[in-house]
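S.K.: Shown below is the structure under consideration.
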Amino acid sequence: MLPFWLSIAVLSLLQGVTAALPDVLRWQVAERRRSGAWALILPLSIVLFVVAGAALASASADGLTYVALVGVPLGAALALGVLMRGARPPLALLAAALFALAWLLPGSLIGQAAGASLVSLSCVTLGVLIAAVTPARWLYAGIFAMALIDAALVLSRQLQAPNRTLNAAHPVAHLPSLQDAAFGSAVMGYGDLFIAGVLGALAASAWGRRGQLEAAALTAGLALAFDLMFFAVDELPATVPVAAALAVMLVSRRVRSERAAGRAPARSQAAAP
């Protein structure tokens, strides 16, 4: 078994990779459905998980396990075939291969890596779809709200019990558990990769490929730095580094814009006779 520090570092890097993968979806149907209300999916996903976990205990965890068992491979196939950078329809078949590895090699690093990859790719699909129907400014708010709620619930210790119940749930016939990403001795919640997929899709749409890669690198770097806090605590809200990466991107973009605006008059004056 890998040590925890190395296991969580791999999952933190996976957050960065998840942010780097989404492509931009150009679809008329999505354009007609654009609304800021879609951004509510991000914070509500955590609130509803806690409410359902408290009300239904293991029953809700079992239900989410089977939803993930079907939805995650399908989402991964969509990402590989259509919605990620470099997607090709034949690549969708890789989702079946990853599923087979996760099923046939449970507990091994290869099986865990396959399962975590499926989860990451399904989050790419969700991120692309949400970014396609949600204006950017509302997605900013949704990402920040999700991270704030996640941090508040972790600090008040209201998220730990539902997480433990969900992590312990397994489908029948030793089928893989795809409701979270496990690698080595660490586990990262689905929402932590979901928010990274949303950030990546948002960055690709708002700032282009270069901005997306900057956001992905920031996400990975801040997540790795955030992991140092595990020396003091046993659970952290891994949505926070993603929101922090967005904040840094917004500030840096504004500074660049102001500098460019300040240089423009100087150039025009120098060119005047």
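The values are calculated or read from the model by the stated rules, or taken from the named source; none is laboratory data. Predicted model, so just to flag it, every value in this text is computed and none were measured. As a convention, Cβ positions derive from the backbone with ideal geometry for all residues, glycine included, and neighbour counts pool all protein chains shown.
S.K.: If I ask for residues that are in a loop (DSSP other than H, G, I, E, B) and surrounded by 18 or more Cβ atoms within 10 Å (Cβ to Cβ), which ones from the range 131-164 would you list? Please lay out each step first, then the result.
M.R.: Residues of the range 131-164 in a loop (DSSP other than H, G, I, E, B): 134-135, 156-159.
Within the range 131-164, THR134, LEU159 meet the criteria.
S.K.: For the range 88-105, which residues satisfy the criterion of being out of contact with any helix residue (DSSP H, G or I) (no Cβ under 6 Å at 6 or more places or on another chain) and either touching a residue at least 40 places away in the same chain (Cβ under 8 Å) or of a type in the set (Ser, Thr, Tyr) (or both)?
M.R.: TRP103
S.K.: Let me ask another. If ILE110 satisfies all but one of (1) in contact with a strand residue (DSSP E or B) (Cβ under 9 Å, 6 or more places away or on another chain); (2) surrounded by fewer than 17 Cβ atoms within 10 Å (Cβ to Cβ); (3) modelled with pLDDT of 95 or more, what's the number of the condition it fails?
M.R.: Failing condition for ILE110: (1).
S.K.: Further question: What are the residue pairs meeting all of these: first residue in the range 61-81, first residue over 19 Å from LEU21 (Cβ atoms), second residue assigned to a helix (DSSP H, G or I) and among the small types (Gly, Ala, Ser), Cβ atoms under 8 Å, and 6 or more apart or on different chains?
M.R.: Pairs found: ALA61/GLY53; ALA61/ALA168.
S.K.: Which of the residues belonging to the range 81-130 are under 20 Å from ARG26 (Cβ atoms), under 17 Å from the mean Cα position of the chain (by Cα) and in a helix (DSSP H, G or I)? Show your work before the answer.
M.R.: Initially, the range 81-130 is screened for residues under 20 Å from ARG26 (Cβ atoms), giving 81-89, 91-92, 124-130.
Going one step further and asking which of them are under 17 Å from the mean Cα position of the chain (by Cα), we end up with 83-85, 124-130.
Within the range 81-130, LEU83, VAL124, THR125, LEU126, GLY127, VAL128, LEU129, ILE130 meet the criteria.
S.K.: Only one of VAL124, VAL172, VAL119 is surrounded by fewer than 20 Cβ atoms within 10 Å (Cβ to Cβ), on the phi < 0 side of the Ramachandran plot and either in contact with a helix residue (DSSP H, G or I) (Cβ under 6 Å, 6 or more places away or on another chain) or of a type outside the set (Phe, Trp, Tyr) (or both); which?
M.R.: Going through VAL124, VAL172, VAL119 in turn, just one is surrounded by fewer than 20 Cβ atoms within 10 Å (Cβ to Cβ), on the phi < 0 side of the Ramachandran plot and either in contact with a helix residue (DSSP H, G or I) (Cβ under 6 Å, 6 or more places away or on another chain) or of a type outside the set (Phe, Trp, Tyr) (or both): VAL172.
S.K.: Among the listed residues VAL198, VAL255, VAL242, which satisfies the condition of being more than 30 Å from GLN112 (Cβ to Cβ) and in a helix (DSSP H, G or I)?
M.R.: VAL255
S.K.: From the list GLY208, GLY191, pick out the single residue that is in contact with a helix residue (DSSP H, G or I) (Cβ under 7 Å, 6 or more places away or on another chain) and part of a helix (DSSP H, G or I).
M.R.: After ruling out the rest, the residue left standing is GLY191.
S.K.: Another question about this same structure. Which condition breaks for PHE194 when tested against (1) among the aromatic types (Phe, Trp, Tyr); (2) within 30 Å of GLN158 (Cα to Cα); (3) surrounded by fewer than 20 Cβ atoms within 10 Å (Cβ to Cβ)?
M.R.: Failing condition for PHE194: (3).
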